[in-house]
Amino acid sequence: MTRRDFLDLREVGRDIFLGLIEDGLRLKGGEMGGDLPLRGKTVACIFMQESTRTRISFHVAVTSLGGNVLMLSERDLQLKKGESLSDTARVMSRYVDAVVLRTNSHEDLLEWSESSDVPLVNAMTVESHPCQLLADMMTCKEQLGRLEGLECAWFGDINNMTKTWVDASGLCGFSLRVVCPEGCEGEEDLLRRAGELGSDVRIEHDVEAGARGADVVVTDTWISMADKDKTEEERKDVREFYGSYRVDERVMGYAKEGAIFMHCLPMYRGEEVTPEVADGVNSVVWDEAENRLHGQKAVLRYCVGGV
């Protein structure tokens, strides 16, 4: 059987991604019963970055599907002493049935994939976060009843989450407005990415125009883990640059009645979102976080369980 990876939504494709969304929702609803497709299998989860939701949800997902899990950090392996990623991937392929990898570098992910003989799951890189978008699409579907035809508004930085929302737009058939300051780095690349998948994406610099009539308003932290070494002065500059694009009650007031607010977490109340929105009636961030678990189960069934 052809090796099944989950590296990037563009590679996964529409039919498989939509199928994973439905499987994740069925798993959440308990429809799969006592199905244990990972019985007798071992999954190694390697985290080269800090993680809360991804680490815990994958651990629980593997064990709930009957599998064994190894939770490893970069310092647990010889990578810290200079062994190459490709050599490590070759060795791991002899020991485990799949690898879940979180690394800042997307090139590291691709290098691992080229050397691996077992399925590889992208648990986040600086370019892509497909597991989070699976949970996000599950959340939109269960909250709003559909994906196709939705109007979604992304507020803030252009980062790995923005890029993966663009990919999901093309696969799921919703429109995406990327609402960001003028001069935001990466606009041209984002539109080029959208064109490759036929995603309905536009860049919007006006807050009201960007939020007007949106079914979904979504944002992310302005300072990601990849930027953790920024000085306090640099962080202040970032906050000032994006400050007028904070999601607050005014922004949600422009959105459609019944619109939902989403955030992949961790969120910083008072920066990219106000407490009133983060903890308000429109917020579905905790359902979104829970769906990471069930989405991860769907990915593991597909990649490792052969389902």
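Out of Lys297, Lys236, one residue alone is in contact with a helix residue (DSSP H, G or I) (Cβ under 9 Å, 6 or more places away or on another chain) and farther than 16 Å from Cys140 by Cα. It is Lys297. Would you confirm, using the coordinates I've provided, whether Arg269 is at pLDDT 95 or above, surrounded by fewer than 14 Cβ atoms within 10 Å (Cβ to Cβ), within 21 Å of the chain's Cα centre (by Cα) and not assigned by TED's automatic domain parsing to the domain that holds Thr63? Yes; evaluated as a whole, the condition is true for this residue.
Annotation: of all residues in region 251-262 being assigned to a loop (DSSP other than H, G, I, E, B) and surrounded by 15 or more Cβ atoms within 10 Å (Cβ to Cβ), the one that is nearest to the chain's Cα centre (by Cα) is Ala259.
Among the residues of region 119-126, some residue qualifies, meaning at least one is touching a His at 6+ places or on another chain (Cβ under 9 Å), surrounded by 24 or more Cβ atoms within 10 Å (Cβ to Cβ) and of a type in the set (A, V, I, L, M, F, W, C).
Scanning region 196-247 for residues that are of a type outside the set (Val, Ile, Thr), closer than 21 Å to Thr125 by Cβ and not in a helix (DSSP H, G or I) gives Ser199, Asp220, Trp222, Ser224, Lys228, Asp229, Lys230. Looking at region 84-168, the helices (runs of 4 or more DSSP H) lying wholly inside it that each contain 3 or more residues that are within 26 Å of Gly19 (Cβ to Cβ) sit at 106-115, 130-144. Scanning region 41-82 for residues that are touching a Ser or Thr at 6+ places or on another chain (Cβ under 8 Å) and more than 20 Å from Leu109 (Cα to Cα), we see that the one that is surrounded by the fewest Cβ atoms within 10 Å (Cβ to Cβ) is Asn68. Residue check: is Glu276 under 25 Å from Phe241 (Cβ atoms) and crowded, with 19+ Cβ neighbours inside 10 Å? The answer is no for Glu276. Against the definition (buried (at least 23 other Cβ atoms within 10 Å of the Cβ) and either outside the structural domain of Gly243 (by TED's automatic domain parsing) or small (Gly, Ala, Ser) (or both)), how does Ala168 come out, yes or no? Yes; evaluated as a whole, the condition is true for this residue. The residues of region 13-40 that are crowded, with 19+ Cβ neighbours inside 10 Å and either in a loop (DSSP other than H, G, I, E, B) or not assigned by TED's automatic domain parsing to the domain that holds His106 (or both) amount to a single one, Leu38.
Candidates in region 38-52 are the residues that are touching a helix residue (DSSP H, G or I) at 6+ places or on another chain (Cβ under 8 Å) and modelled with pLDDT of 95 or more; of these, the one that is nearest to Glu142 (Cα to Cα) is Leu38.
Within region 213-238, residues that are in the same structural domain as Cys264 (by TED's automatic domain parsing) sit with their Cβ atoms under 8 Å from residues that are exposed (fewer than 13 other Cβ atoms within 10 Å of the Cβ) and modelled with pLDDT under 95, at 6+ positions apart or across chains, in these pairs: Met225/Glu50.
Screening Leu265, Leu300, Leu293 for residues that are assigned to a loop (DSSP other than H, G, I, E, B) and closer than 30 Å to Thr63 by Cα leaves exactly one candidate, Leu265. Would it be correct to say that Arg55 is basic (Lys, Arg) and either assigned to a loop (DSSP other than H, G, I, E, B) or farther than 19 Å from Leu300 by Cα (or both)? Criteria not met by Arg55.
The values are calculated or read from the model by the stated rules, or taken from the named source; none is laboratory data. Bear in mind that the values here come from a model prediction, so they are computed numbers and not experimental data. Note: ideal-geometry Cβ built from the backbone for every residue, glycine included; neighbour counts use all protein chains shown.
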